[in-house]
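A quick write-up on the structure given underneath.
The values are calculated or read from the model by the stated rules, or taken from the named source; none is laboratory data. This is a predicted model, so every value here is computed, not measured. Here Cβ is always computed from backbone atoms with ideal geometry, including for glycine, and neighbour counts include all displayed protein chains. The area values use the complete protein model at the heavy-atom level, side chains included, leaving out ligands, DNA and RNA. Shrake-Rupley method; radii C 1.70, N 1.55, O 1.52, S 1.80 Å.
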Amino acid sequence: MVIEGIGKKETVEKYLGPGYRVFATKGHVRDLPAKTLAVNVKKDFEPKYVIMDDKKDVVEQLKAAVSKADEVLLATDPDREGEAISWHVANILGIPEDSPVRIEFNEISKKAVQNALKNPRAIDINLVDAQQARRVLDRLVGYKLSPVLCKKIQNKLSAGRVQSVTLRLVVEREREILNFKPEEYWPFFSVLKNQSGSKIKAALATRNKQKFKIPNEQTLKEVISELDGKEYEVVNVKKSVTKSKPPAPFITSSMQQDALNKLGMSLKQTSSAAQSLYEGVDLPGEGKVALITYIRTDSTRVSDDAIKEARSYISEKFGEKFIPAKPNIYASKKSAQDAHEAIRPISLSRTPESIKNAVNKYHYKLYKLIYERFMASQMSEATYNSLSVDITAGNYGFKVTGKSPLFAGYTAVYNMYTDESKEDEEESGKLPDLHEGEKLGFCEYKYEQKFTKPPARFTEASLVKTMEEKGIGRPATYTPTVTLLNARSYTEHEGKYIRPTQLGMDVTDMLIKYFPDIMDVKFTAGMEKRLDEIEEGGVIWQRVVGDFYNGFEEKISEALGDTFSLKAPDEKTDFPCPTCGTLMVVKNGRFGKFLACPNYPKCRTTLPYDEETGKPATQTETTNEESNVKCEKCGRTMVLKQGKYGPFLACPGYPECKNIVNIDKNGEAQEKVESAPCPQCGKPLKQINSRGSVFYGCTGYPECRFTANAPLAEGKCPDCGSHLLIRKYKDGVYHVCASKTCKYKTKAD
């Protein structure tokens, strides 16, 4: 059985029984090559797929495993991308497209896996074609638009079909904030008391029976003057029972939103924790156990079996009143693919408390959130005794509202997130018993000056919510898209909020100028619908790509030919090119600034550049100068050399001795720290110098590919069980957890 993630290999194996072997591809094994377009636009957009460089060993291992098998089953993830991976694997292995080798399960449980084994099917070519269309579209947009940005703004920029439209949302929100003009207003309340002396805070609502807000201090004084001495009378009392419906179970976007709002977890933390809960976590005495269903979904649908279990569990735990007469069914949005169930626990009998001591805090908190949300979704409505009171004083009307719980319903386990910024919405809790015609005594006025606020910047969660509402992207693309914008320096974080950088604004403006269709939100959402149509069948994927590509090349040529540019000119220097004599210029590269000949491509001479001195760091200045460091391998005195990524110490016995040592900013040799054995295979780890940085790799490569960006310490993290790294800080050496989601750090002995 071929699966994607290595993390669920052990979980799946335990449910298969004897005679099965599970092989994990660790994601895609075949894709469009990175350095060429690889799409033949003249031959019906034919894509050229190749085995990825880092997956060649994986493919060879897969072929060897398959050669000994009687049957092959493809159990990659149950979505378009998973279907495409199965198709690529089948192609590599020579499996016919109509062979019944594809199986899928929405959860990793014994029942789900066993049922999948009984129902193999052929690979769904419509799903594959929808994914192919997306991949080809993204490649055409990325490879064709990126050169425009590089020419017009700066080098090393990229554009993307979904990425750039998402960036536009962030930029437009920022400009809305910058252009916002605050308006003054004064929330106003009269504190009153009834005959028994109970106080009531009534909010000013109307003047002359029209909605009214106090706009400035002058009007405030007028209102107070007109109200002074007026009698307050209750003119209307409305009592009712109001209901609050339970929320739908989580889909990908709503889970991400609640995880940020309630738990403070970022998109990366949520995605990582959810993936672990889906693939399986180690539980004492049970091994790896999967806890939740598939995590990339836009459907609120739940299986009949899960609903029955939930109703039975809720009835037993809370009583019959807490389950509705009929099961709660939630409608998915029209744009939803509805390919999978909502995100839910595999079994409600596996309570959050039962796993609390076996998983890290992020796994526990997220599982608890998913568990409680699903249970709440199948519970009864919450009901409240509500009271709405209208009070008059002269020409002014005041309002008092309040409610008290009558029946907890779903709120017994789950409370919706409330936006604390809505501070002006006054709602009192329990109110005294008031009746129409009752006269109220005056106590005091309460008021303060306020100003309207601009819309809030996006958080990761609210940006994902907006993407979902506008139909941009799909559940599997939300996290990568938002993360990529930050990685490209198009956006940056200010606390939990996202703001665009100046570069992000320039990129957005440039793309809107030349490619308004591609940057149009509705156009991008419409393209997602076209991809859905391919999946449903009846629409040829090449036709969808062709409709998009028609006229695209002309727009690219027009943009490249336009003289308009935001690109800063290269910084000129007084240093002549050693090859042709032309004065060199300073350029920005992937690894910093360097000197280049402006006659490129005729002259390709480059030199390292010292930003502190403003001079070229030439080979003659830094090469072959002897150091006070002896080569630990052969004993020779090492020499200072200048490489592409900066200076380093090298053994003069090269090529017989290839030992090198990194040096720090002070020119001192970096100390090699002893490291613990490889946690995967036990072989020694070795220090590796690559591109000016140091990392630690297993000497068992290529059989074992373990790496760490710092030396390992003995033992495991007491919080999450990951391995510990040795890191040097200004105040000493520390042991730090290697997991990005764990904050464990302790000073070393």
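Some points to look at:
- Segment 158-171 - phi-based ³J(HN,Hα) in whole Hz, Karplus 6.51/-1.76/1.60, Gly and Pro as x: 9, 10, x, 4, 8, 4, 6, 5, 5, 4, 4, 4, 5, 5
- Ellipsoid equivalent to segment 204-331 - semi-axes via the Cα gyration tensor, in Å: 51, 24, 13
- Across all C-alpha atoms in segment 120-251, the radius of gyration and Dmax reach 29.8, 83 Å.
- Summing Cβ point charges (Lys, Arg +1; Asp, Glu -1) relative to the Cα centre of the chain gives a dipole of roughly 720 debye.
- Rounded if a/c under 1.5, otherwise prolate or oblate - segment 261-356, Cα gyration tensor axes: oblate
- Charge-dipole axis of the chain as Lys and Arg at +1 and Asp and Glu at -1 on Cβ define it, positive-most pick from Gly397, Ala456, Cys681: Cys681
- For segment 129-205, the carbon plus sulfur part of the accessible surface works out to 46%, probe radius 1.4 Å.
- Unsatisfied cross-links (Cα-Cα over 19 Å) in the set Lys26/Lys56; Lys238/Lys439; Lys35/Lys144; Lys716/Lys745; Lys199/Lys453: Lys199/Lys453
- Taken along its three principal axes, the alpha carbon spread of the chain comes to 103, 72, 66 Å, from the longest extent down to the shortest.
- Nearest-0.05 FRET efficiency for Thr573 and Lys633, computed from C-beta distance (R0 35 Å): 0.30
- Cα-based shape type of segment 1-126, given that a ≥ b ≥ c are square roots of the gyration tensor eigenvalues and the cut on a/c is 1.5: prolate
- Most positive-pole-ward Cα, Gly546, Thr524, Leu607, against dipole of segment 500-622 from beta carbon charges: Leu607
- Counting all C-alpha pairs of segment 707-749, share separated by more than 13 Å (%): 45 percent
- Using C-alpha pairs below 8 Å separated by at least 6 residues, the relative contact order for the chain is 12 percent.
- Residue-level accessible surface for Cys678, protein heavy atoms, 1.4 Å, Å²: 10 Å²
- Rg over Rh for segment 461-609 works out to 1.09, using Cα positions for both radii and the Kirkwood form for Rh.
- Backbone phi angles across segment 103-116, fed through the Karplus curve with coefficients 6.51, -1.76 and 1.60 (θ = phi - 60°), yield HN-Hα couplings of 10, 8, 9, 7, 8, 9, 10, 4, 4, 5, 5, 5, 5, 5 Hz in residue order; Gly and Pro are listed as x.
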